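Visitor: Can you read through this structure? Questions will come right after.
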2 protein chains.
Amino acid sequence: MAVDRDQVLRSAAALLTRKSTATMDEVAKAAGISRATLHRQFAGRDALVRALEALGIAECEAALDAARLDEGPARDAVRRLVRELEPAAALLAFLYTENQLFEGEEQNAGWTRIDERIAGLFRRGQRTGEFRIDLTPPWLTEALFGLLASGAWAVSEGRVARNDFTHMIVELLLGGALRREES
Amino acid sequence: MAVDRDQVLRSAAALLTRKSTATMDEVAKAAGISRATLHRQFAGRDALVRALEALGIAECEAALDAARLDEGPARDAVRRLVRELEPAAALLAFLYTENQLFEGEEQNAGWTRIDERIAGLFRRGQRTGEFRIDLTPPWLTEALFGLLASGAWAVSEGRVARNDFTHMIVELLLGGALRREES
DNA sequence: CCTGAATGAGACATGCGTGTCTCACGTGGT
DNA sequence: ACCACGTGAGACACGCATGTCTCATTCAGG
């Protein structure tokens, strides 16, 4: 009776994040439904990944909105953004590596908009003099996603405590590894 | 005749870095040999990936040696390390994502040693007071590989100029995005 | 010139994931 | 109680990459 599509999507995301080559049968079992029903919800593996991508984009944009990127100091906006993005980090890490496979096809327009909003935040920080100008906004955006993925993986491997996730990423991204003389 | 095994490995690395799902047949064609010969050199796809992993480990350790990690200020050692690692970045990016698949099996001991050497460098920097102590060496190591992979991908996508590769990674890793008042 | 080793081309069987279909079962609504 | 709908289970064929094998060809060395 009306399988909870969103619930299926969540469990699929949780499984594929750990094992990106999981079979449709494994995905179905993980969701507690049969392969037939899974296939009734998502036409095929490709459709499933696309749905996951749409979910990732939606969560990203929700985080972007919740972080109020254009309010206050840019550095604080970055902190809020990473904090909001944390719950979606594992899914984003999966999609980040999965995207390498879509080499031929053009990527979903949603990512372009998200990249643009984040790059805009970094540009704002550069304009106000908060951020250095020798690191380009596109690179900072790329690095943010890369660190998000690394962080998610490090947490799942037990190399970083889950509670430190946001702190590790934000501090490295903003402050770097060097000690600062001034505060 | 005696097919140049190392040459085959290099071209396989170059191809798989761009298209991680490439067929054995595609790998063979890229190397300019037949699938039969490729299979005579590497028992199967698994053996090929393992060989690639061994190559990546070897290049990493060579870079580690060339960077002389225990000489001079730790920050300079990090700069040398990234510079030495740059040629191998694409291969490492491939292996970095491929490693997610080896979930069940234990990872190659070579990576453990490499991780340990790099983490040791960060620990040394913390001891000398160069690096902040709230970012753990394992996380900095993980972040270094993550940024290396992000950088390699950004370059191949044209989002970052190839010449800026080392600078972008080193500066972000060491200094972060914030402008520093003092030099 | 001859022999042998290595290579390329292709055929062939196999395993695996996938997509599709059918049918029986259980549940909810009428 | 009856009917309809969604579901689970399984069978089936297909596509595709893989692994293995054979055979002709080519090139190097004796």
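The values are calculated or read from the model by the stated rules, or taken from the named source; none is laboratory data. Keep in mind that what you see is a predicted model, and the values were worked out from it rather than measured. A quick note on method: Cβ atoms are made from the backbone with ideal geometry, for glycine too, and the neighbour counts reach across all protein chains shown. Ligands, DNA and RNA are stripped out before the accessible areas are found, and what is left, the full protein with its side chains, is counted by its heavy atoms. Shrake-Rupley method; radii C 1.70, N 1.55, O 1.52, S 1.80 Å.
Visitor: Only one residue in B:43, B:66, B:2 is at pLDDT 95 or above and among the hydrophobic types (A, V, I, L, M, F, W, C). Which one?
Guide: Answer to the check: B:66.
Visitor: Scan the stretch B:165-180 residue by residue and report those that are in a helix (DSSP H, G or I) and either open to solvent by 30 Å² or more (accessible area, probe 1.4 Å) or more than 8 Å from every other protein chain (Cβ to nearest Cβ) (or both).
Guide: B:165, B:166, B:167, B:169, B:170, B:171
Visitor: Within 7 Å of chain B (Cβ to nearest Cβ), in contact with a helix residue (DSSP H, G or I) (Cβ under 6 Å, 6 or more places away or on another chain) and surrounded by fewer than 20 Cβ atoms within 10 Å (Cβ to Cβ), is that true of residue A:140?
Guide: Numbers: within 7 Å of chain B (Cβ to nearest Cβ): yes; in contact with a helix residue (DSSP H, G or I) (Cβ under 6 Å, 6 or more places away or on another chain): yes; surrounded by fewer than 20 Cβ atoms within 10 Å (Cβ to Cβ): no.
No: the conditions fail for residue A:140.
Visitor: Let me spell it out: the conditions are (1) basic (Lys, Arg); (2) surrounded by fewer than 17 Cβ atoms within 10 Å (Cβ to Cβ); (3) within 12 Å of another protein chain (Cβ to nearest Cβ), and residue B:162 meets all of them except one. Which number is the exception?
Guide: Single failed check for residue B:162: (3).
Visitor: Kindly evaluate residue B:48 against the criterion of being within 28 Å of residue A:96 (Cβ to Cβ), assigned to a helix (DSSP H, G or I) and within 13 Å of the chain's Cα centre (by Cα).
Guide: Details: within 28 Å of residue A:96 (Cβ to Cβ): yes; assigned to a helix (DSSP H, G or I): yes; within 13 Å of the chain's Cα centre (by Cα): no.
No: the conditions fail for residue B:48.
One line per residue, one yes/no per condition, for (1) open to solvent by less than 30 Å² (accessible area, probe 1.4 Å); (2) of a type outside the set (Phe, Trp, Tyr); (3) more than 17 Å from residue B:111 (Cβ to Cβ):
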site: B:46; (1), (2), (3): no, yes, yes
site: B:51; (1), (2), (3): yes, yes, no
site: B:54; (1), (2), (3): no, yes, no
site: B:57; (1), (2), (3): yes, yes, no
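Visitor: Looking at the stretch B:76-90, can you tell me whether even one residue there is free of Cβ contacts under 8 Å to residues at least 12 places away in the same chain and either in contact with a Lys or Arg (Cβ under 8 Å, 6 or more places away or on another chain) or in the same structural domain as residue B:122 (by TED's automatic domain parsing) (or both)?
Guide: yes
Visitor: I'm checking my understanding of the structure. Among residues of the stretch B:20-41 that are open to solvent by less than 50 Å² (accessible area, probe 1.4 Å) and in contact (Cβ under 8 Å) with a residue 24 or more places away in the chain, which one is nearest to DNA strand D (Cβ to nearest atom)?
Guide: Out of the qualifying residues, it is B:24.
Visitor: Output yes when any residue across the stretch B:101-117 is of a type in the set (Ser, Thr, Tyr) and more than 9 Å from every other protein chain (Cβ to nearest Cβ), and no when none is.
Guide: Step one: filter the stretch B:101-117 for residues of a type in the set (Ser, Thr, Tyr), giving B:112.
Now narrow it down to the ones that are more than 9 Å from every other protein chain (Cβ to nearest Cβ): B:112.
Yes, some residue in the stretch B:101-117 is of a type in the set (Ser, Thr, Tyr) and more than 9 Å from every other protein chain (Cβ to nearest Cβ).
Visitor: To continue, here is another question. Among the residues of the stretch B:67-75, are any away from DNA strand C (no atom under 16 Å from the Cβ), within 21 Å of residue B:149 (Cβ to Cβ), small (Gly, Ala, Ser) and away from every other protein chain (no Cβ under 14 Å)?
Guide: yes
Visitor: Here is a further query. With open to solvent by less than 10 Å² (accessible area, probe 1.4 Å) and in contact (Cβ under 8 Å) with a residue 24 or more places away in the chain as the only criterion, which of A:147, A:135 stands out?
Guide: From the options A:147, A:135, the qualifying one is A:147.
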